[in-house]
Amino acid sequence: MIRPADERDGPAIASLEQEAFGSDAWSDGLVAEGLGGRIPGALYLVATPPSLETIVGYAAASLLADVSELQRIAVATTERRTGVASRLLAQVEEEARLRYSERLLLEVREDNAAACAFYAARGFRELDRRPRYYSDGTTAVVLAKELA
């Protein structure tokens, strides 16, 4: 099940952040700001199994005007390759369309072949590259998908 996140989900989201992004993880404070509605246009979604309250994945996006940005998708290691990320992405795309966004952007590490393939299979195309974007100096690949 995909649902909007709220402040009670903060600890679980922060834990997934650390698991998925390591040194590039967002701080607990930044996650709390987004969940608390203090970041304009922020959308947080969480994925939970049908019969459990456990959060197994989440997505964060910035939905503003005609271009939205997917900032994060993270899925628990035990739940990867089960469709959780696909469902989260589909819901972000739907929410962006409902807010009249025409394009969804995101950055992905160029050395993350699995993520690059995931997004390519879902219609994202390379738009640009940002050298030394990540804390370890890795380049970010900027991807875009037209939503209209």
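The values are calculated or read from the model by the stated rules, or taken from the named source; none is laboratory data. Computed from a predicted structure; not experimentally measured. All Cβ positions, even for glycine, are placed from backbone atoms using ideal geometry, and neighbour counts span all protein chains on display. Accessible surface areas use protein heavy atoms only, side chains included; no ligands, DNA or RNA. Shrake-Rupley method; radii C 1.70, N 1.55, O 1.52, S 1.80 Å.
Brief remarks on what is shown
- Residues of the stretch 21-41 classified as open to solvent by 40 Å² or more (accessible area, probe 1.4 Å) and in contact with a strand residue (DSSP E or B) (Cβ under 9 Å, 6 or more places away or on another chain), total: 5
- Subset of the stretch 88-114 that is assigned to a helix (DSSP H, G or I) and in contact (Cβ under 8 Å) with a residue 24 or more places away in the chain - its residue that is most open to solvent (accessible area, probe 1.4 Å): R97
- Of the set (1) open to solvent by less than 40 Å² (accessible area, probe 1.4 Å); (2) without any contact (Cβ under 8 Å) to a residue 60 or more places away in the chain, all apply to V67 but (1).
- The stretch 1-33: number of residues that are small (G, A, S), over 19 Å from A85 (Cβ atoms) and in a helix (DSSP H, G or I): 4
- Condition broken by S135, with the remaining ones in (1) touching a helix residue (DSSP H, G or I) at 6+ places or on another chain (Cβ under 7 Å); (2) open to solvent by less than 70 Å² (accessible area, probe 1.4 Å); (3) not aromatic (F, W, Y) satisfied: (2)
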